[in-house]
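Worksheet: the structure to be examined is printed underneath.
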Amino acid sequence: MSQDRLDASLDIDRRSTLEIVHIIQEQDALVAPAVAAEAEKIAHAVDEIANRMHHGGRMFYVGAGTSGRIAMLDAAELPPTFGIDHSLVRVIMAGGEHAFFAAAEGAEDDEDAAIAAIEQDVVADDAVVGIAASGTTPYTVAAIRKANMIGALTVGITSIPGSPLAQEADIAITPEVGPEVIMGSSRMKSGTAQKLVLNTISTAVMIRLGHVYSNLMIDMPATNDKLRNRAVRMVELAADVPRATAVQALRDASGSVRLATVIAKKRVTAEEAKALLRGRKLREVLESA
């Protein structure tokens, strides 16, 4: 996050409401290209994280303040979207769980707490993603440094190339978004960049791990009427069958889209479908003779 002042917003407090909105939107439009410029490094991180998780590792996000809350939002969405266990993607937050809901800004300086959190939970097979707009947050930098010592994969997401976080991480992702509309307010452009990067990393990792077929969330838990209807539609599309067939297949599969797709497409029982899927991705099963 640049500490420079943005010329376009120097008199923002004197502008009309519409002008304020335009200034913010014009700056927001610069974020996506800055993130796109980091595509190769993001892809590298995805492949390395997916490889760790494929072999039993987990992914940890580490952050303080805004960065930690953005990380928590991403992590919280993964189990209901991709059906993974909550323990596979976790957040280490400066100040602990309380800081997700209330400011605990002093906690970001507590390097000892960061080191202790890493020592308690992280092993060499894991991946640790540190997030800090400035790249200087002591808590996050200390956590990444300790994770490196343990042998875990480390990724740094920061708006400042060459910052301590970028230097410590195995893979540094550094979208340069420029000065914030309100100086120092990293919840704005820097926060948006972090959300875009985390969306891409976590979604792409889930795809690499086989939780997506085509563009369908085949491991989504169908826990309410809306999601059950969505599950039926996904089986219809994945197996290319009528709705009635998809509904029956989902009943036979106890709500599993992945299993129901095989039942409907291959015209097999639930037990036969489980046997076909054992150790294989859905696409391999559907495209096999």
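Tell me, please, whether a residue that is of a type in the set (Lys, Arg), at negative phi and not in a helix (DSSP H, G or I) can be found in segment 67-85.
no
Only one of these is without any contact (Cβ under 8 Å) to a residue 60 or more places away in the chain and among the aliphatic types (A, V, I, L, M): ALA172, ALA222, ALA133, ALA204. Name it.
ALA222
Where the second residue is loosely packed, with under 15 Cβ neighbours inside 10 Å and the first is assigned to a helix (DSSP H, G or I) and lies in segment 227-244, which pairs have Cβ atoms under 6 Å and are six or more apart or on separate chains?
Cβ pairs passing all conditions: GLU236/ARG243.
List the residue pairs whose Cβ atoms are under 8 Å apart, where the first residue sits in segment 258-277 and is over 19 Å from ARG228 (Cβ atoms), the second is among the polar types (S, T, N, Q) and in a helix (DSSP H, G or I), and the two are 6 or more positions apart or on different chains.
The qualifying pairs do not exist here.
Only the coordinates and a few stated rules stand behind these numbers; no lab work does. This is a predicted model, so every value here is computed, not measured. A quick note on method: Cβ atoms are made from the backbone with ideal geometry, for glycine too, and the neighbour counts reach across all protein chains shown.
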